[in-house]
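**Q** Before we start, here is the structure in question, set down as structure tokens.
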Amino acid sequence: MGFINWMVIFALIGRGSQSSASSEITVSIFTVTSKSMTVQWSRCSGASSYKITATSKNSLDASAFAQFGANSVMGSINSLTPNNMYIIRAEAMDNSLNVLSQAEVEETTASEVPTINMATSKQSESMTVEFTQVSGATSYILRAETADMSFFCETEVSSSPGTVLNLQAYTDYTLSVMSVNSGGRSQPSLPVVAKTVVAAPKLSSTSPSNDTIVVGWEPVDHVLLYTISIIMEGSDSRVKLNTTDTSVTFSGLEAGTTYCIKGNAWDPEKRQGDDFTVCQITRPCIPGLTELEVRMVGSEAGLSVSWAPSQGAGEYLAFSSEGLNCTSTTGTCTLAPVGCGQRHTVTVTAINEGGPSIPSSPEEFITFPCPPEPLHVEETKAGNCSVLWDAIPYTDTYVAFIKRDDGQEERCNTSSTSCNYHCQCGYTYLMTVFAFSLSGSSPPGPVLNYTTLPCCPEDVFISLASPGTLEIMWSAVRGAEVYETRAVEGSEVILCNDTAPVCALSDLTCNTPYSVVVIPCNEIRGCNHTCRSHTKETAPCMPEILNVTQINTTSVNVSFSAPNRAGTTYKVSVVAQDNRNTCTSRGTSCEILDLPCGEVYEVSAIATTTVGDSFPSYSIPLETAPCCPATLNVEQVTQAMTNVTWSMARGTHTYMTSLTSPKGNARCHTLDTHCLMGCITCGTNYTVSMEAISRTGHMSECTYHGFSSSACCPSGVKLYRMANNTLRVYWRSTGGLHNYTAKMVGSQSNYTCTPPPGGNTCEVPEIMCGDVYNVVVAPLTQDGAMVQFCPQRMYSVSCSGSNVGMVIYRGKRSLD
């Protein structure tokens, strides 16, 4: 038993001596080894000693026992058999060795202690331990520690051999092994000291040329010698060398080939350490440049470069002296974009993981020529044109294309810098020139747009569009984009610019001959001023209304100015919405008769000659008095309010309606054809009149038949119960011999009664009780109709048996 275990036992014994005793003993196993068990028990009251007995459960081996004093609560029992199940009995005894209490527990001893046969290191970070395997062990614990205790680890393995990991290179370790079963661990085996091997050199490699690989590494501690070997990928032949340096150069290798290099280190004990392998490909050989040609890449031109592939090349880089480059994994790529007239010096470099090869021999290539420019046209005389351009480097021939806007096309091949073609007026010519060399055609160059002078229109037609406007029309002519039309009279010039073959010249002087010319123009060449002119006279001048004199209510005399030459006819018009009246004269006045009422007229005059009509003169308004409405009706809607309606009247804007009586007047001013008039006194005769007023304030007096308001609604309407299911309706009369009717409306039946003229009561027999009645008393109109605007009263008529009972007033409500 180790020193630490005994320290635990003594501590527990001390603790047990201080604990209180019990009449029953309990027992447990504290720890086990291969040949011993440490047992822990509780103190028993009255015990002077404790006996611990271990009896094998699976064999006939003799029992082992140990005895301890009264103050002990833990002790060990030795001389046990490894990997054996034991029954452990604890007995508490008095001074007479009588057993006061006992308890048992079962436990297995640990397996036997294994023995290390050999410990070796083939990796700088691990150690492999071979040991004897013991019966009953379920696993093993490998323990490794350094002498200064700076490192300690335990590794569980299932069998021999076992490996301890995470060690330091070239370091001494003390190794031991313990067996493990269900009971616990055995004691450690006798230790063995072993040393790990040195670490491998960390190789790094480069390929400075296509037949050389340089390998280097950082120095490794405790190394006596390095072994470096190289082998070509796919080969069985290996080259090996030993060195104390930290770099090695391998030359005479194949280009573009992968080689694997392995390095080992040897320690002073001449043990081989870890190995480290790195693979390196040599640089590829120089590619052979085979072909250069211009190709289109989308909408751009590019220089296609082709070459013979190189062994081991993963990628190729083509480079131009113009700063272009392209990459490819195959034998071709395109330098883009290339421009016209460029001289390219091209090389190709093969590249792999080892680095780039030496560039190929440079090849020169001149691209296609640039398009000729600038272009310009010279027209030596009408119909003969030449297109010219500057000379372009690296060009053999030129082709000029001249296309007219009607689709006709000319083509000119030349080695000079000009081409002649036939050009006509009124056409637009589109011209472009291509340059050609052995590298191909130039790109499309600038397109020159050249337009000749437009032609003159021949079929010019001039008409009078309005008194102050001439309308000029003609057929469209070739080459004209806009037309300038001029009307000239003395120093006066009127202009009109338009793209359409029609123009209106306005604001011309009346009754004047003008010289009119149509000048076609285009934006590039300007205007053709050689077209002939035409003469056209304008319409007569506009007269002026001087005065309109009312002859009578239906006739007027109109006087006007006569600004035109003798022989001009003047026409005066008096125009309303629905009718027109005219008169004509060669003098300065004329009369218009039979004008109806309620009309607003505009009076104007025009002058007429063989050329056409003048502008109408400025109008002078003329208004006749408004008409009276043909019909008017007065209807009483309440006791104090009437609704007056009438028909529309021509020329009337507002209506002023009046009801006049000795008891008072009512008046209404409105824009409508109806009016509500209040403050009406019942039972009164009214005179009805109206004033029809125009928008300008002209007024007509209108008179109509009189109006009589109805009799007044009675007040104090009451309902009384009479004998024999009869109800009496009573009211206060307003005076006079007016006719009244009383009306009772229930939910199931209606009743009416009418007293003699001037009466103020009437009776309703055979009343149905048990209902609510609306009672109204109203005067009758002259045609016997009941006035509809008198208020109603509500009564409840209850039943007393089958007879009328109580009559209860429920309130007043107005007529629905």
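**Q** With every protein chain left in place and a probe of 1.4 Å, what is the accessible surface of residue 507, to the nearest 10 Å²?
**A** 130
**Q** Something else now. Treat every Asp and Glu Cβ in segment 390-540 as -1 and every Lys and Arg Cβ as +1, leave all other atoms uncharged, and give the resulting dipole magnitude about the Cα centre to the nearest 20 debye. Working shown, then result.
**A** Details: 8 positive and 17 negative charges, 66 e Å.
It comes to approximately 320 debye.
**Q** Pop out the carbon and sulfur fraction of the accessible area of the chain as a percent, whole number, probe 1.4 Å.
**A** On the way: 20840 of 41640 Å².
Roughly 50 percent of what the probe reaches on the chain is carbon or sulfur.
**Q** Hey, another quick one. Between beta-carbons, use under 15 Å as the cut-off and find the net charge around residue 576, counting Lys and Arg +1, Asp and Glu -1. Don't jump to the answer; show the numbers that get you there.
**A** Values: positive: 580, 650, 695; negative: 578, 594, 599, 602, 623.
Combined, the nearby Lys, Arg, Asp and Glu give -2.
**Q** On the full set of protein chains, 1.4 Å probe, figure out the accessible area of residue 152 and give it in Å² to the nearest 10.
**A** About 100 Å², rounded to the nearest 10.
**Q** In debye, nearest 20: dipole of the chain around its Cα centre with unit charges on the Cβ of K, R (+) and D, E (-)?
**A** Values: 45 positive and 71 negative charges, 896 e Å.
With only Lys, Arg, Asp and Glu charged at Cβ, the dipole is about 4300 debye.
**Q** Per residue, how many Å² of accessible area does the chain show with a 1.4 Å probe? Walk me through the numbers before you get to the answer.
**A** On the way: 41640 Å² over 816 residues.
Here the per-residue accessible area is 51 Å².
**Q** Considering only protein heavy atoms, with the full assembly of protein chains and a 1.4 angstrom probe, order 300, 623 by accessible area, largest first. Mind showing how you got there, number by number?
**A** Details: 300 90, 623 35 Å².
Per-residue accessible area, sorted high to low, gives 300, 623.
**Q** Follow-up. Could you tell me whether segment 154-225 comes out rounded, prolate or oblate from its Cα gyration tensor? Rule is a ≥ b ≥ c as square roots of the eigenvalues, rounded for a/c under 1.5, then prolate if a/b exceeds b/c, otherwise oblate. Mind showing how you got there, number by number?
**A** Working: a/c = 5.71, a/b = 2.95, b/c = 1.94.
Prolate, because a/c is 1.5 or more and a/b exceeds b/c.
**Q** Something else: Using the charge dipole of the chain (Lys, Arg: +1 at Cβ; Asp, Glu: -1 at Cβ; taken about the Cα centre), state which of 722, 698, 443 has its Cα farthest towards the positive end.
**A** Value computed over the given set: 722.
**Q** Something else: Determine the order of 257, 26 by accessible area, beginning with the largest, at a probe radius of 1.4 Å. Don't skip to the answer; put the middle values down first.
**A** Values: 257 15, 26 85 Å².
The residues order as 26, 257, largest area first.
**Q** Determine the calculated [θ] at 222 nm for the chain from helices alone, applying -39500 (n - 2.57) to every DSSP H run no shorter than 4 residues and normalising by the residue count; nearest 500 deg cm²/dmol. List each step's numbers first, then the result.
**A** On the way: 1 runs with 16 residues, N = 816.
Mean residue ellipticity at 222 nm (helix-derived): -500 deg cm²/dmol.
**Q** With unit charges on the beta carbon (Lys/Arg positive, Asp/Glu negative), name the residue among 631, 615, 546 whose Cα is farthest towards the positive pole of the charge dipole of segment 493-640.
**A** So the residue furthest toward the plus end is 615.
**Q** Assign unit charges at the C-beta atoms only (+1 for Lys and Arg, -1 for Asp and Glu), then state the dipole size of segment 211-369 relative to its Cα centre in Debye, rounded to the nearest 20.
**A** Working: 8 positive and 19 negative charges, 32 e Å.
That gives segment 211-369 a dipole magnitude of about 160 debye.
**Q** Contour minus end-to-end for residue 237 and residue 504, with contour as 0.36 nm per residue of separation and end-to-end as the Cα-Cα distance?
**A** Numbers: separation 267, 0.36 × 267 = 96.12 nm, distance 10.48 nm.
Here the segment from residue 237 to residue 504 would lengthen by 85.6 nm.
**Q** Compute the distance in nm between two label points, each set 7 Å from the Cα along the Cα-to-Cβ direction, one at residue 796 and one at residue 406.
**A** In this crude spin-label approximation the distance works out to 10.9 nm.
**Q** Follow-up. In terms of solvent-accessible area of protein heavy atoms at a 1.4 angstrom probe, what is the ranking of 213, 231, highest value first? Write out the running numbers ahead of the final one.
**A** Details: 213 0, 231 30 Å².
The ranking, largest first, comes out as 231, 213.
**Q** While we're on this one: Could you pull out every residue, at least 5 positions away or on a different chain, whose amide H is within less than 5 Å of the one on residue 288? Hs are placed 1.01 Å off N in the peptide plane, and Pro or chain starts have none.
**A** 308
**Q** Also, quick follow-up: Answer rounded, prolate or oblate for the chain, using the Cα gyration tensor with square roots of eigenvalues a ≥ b ≥ c: rounded when a/c is under 1.5, else prolate when a/b is larger than b/c, else oblate. List each step's numbers first, then the result.
**A** Values: a/c = 7.63, a/b = 1.50, b/c = 5.09.
Oblate is the answer for the chain, as a/c is 1.5 or above yet b/c matches or exceeds a/b.
**Q** Here is a further query. Positive end of the dipole of the chain, charges at C-beta (+1 Lys, Arg; -1 Asp, Glu), about the Cα centre: which of 329, 733, 121 has its Cα farthest in that direction?
**A** Towards the positive end, the residue furthest out is 733.
**Q** Moving to a separate point now. Enter the Cα centre distance for the pair segment 441-458 and segment 571-610, rounded to the nearest angstrom.
**A** Here the two parts' Cα centres lie 61 Å apart.
**Q** For the chain, find the longest principal axis of its Cα atoms and tell me its angle to the long axis of helix 3-18, 0 to 90°, nearest 10.
**A** Once rounded, one gets 70 degrees.
**Q** Okay, next question. Taking only C-alpha pairs under 8 Å that are 6+ residues apart, what is the relative contact order of the chain in percent? Write down the numbers at each step before the final one.
**A** Values: 2237 pairs, mean separation 34.4, N = 816.
Relative CO of the chain lands at 4 percent.
**Q** Ignoring ligands and nucleic acids, what accessible area does residue 197 show with a 1.4 Å probe (Å², nearest 10)?
**A** 0
The values are calculated or read from the model by the stated rules, or taken from the named source; none is laboratory data. Keep in mind the model is a prediction, meaning the values are calculated, not measured. Using ideal geometry, Cβ is built from the backbone for each residue, glycine included, and neighbour counts are taken over all protein chains shown. For the accessible areas, the whole protein counts, side chains as well, though only heavy atoms, and no ligand, DNA or RNA atoms are used. Shrake-Rupley method; radii C 1.70, N 1.55, O 1.52, S 1.80 Å.
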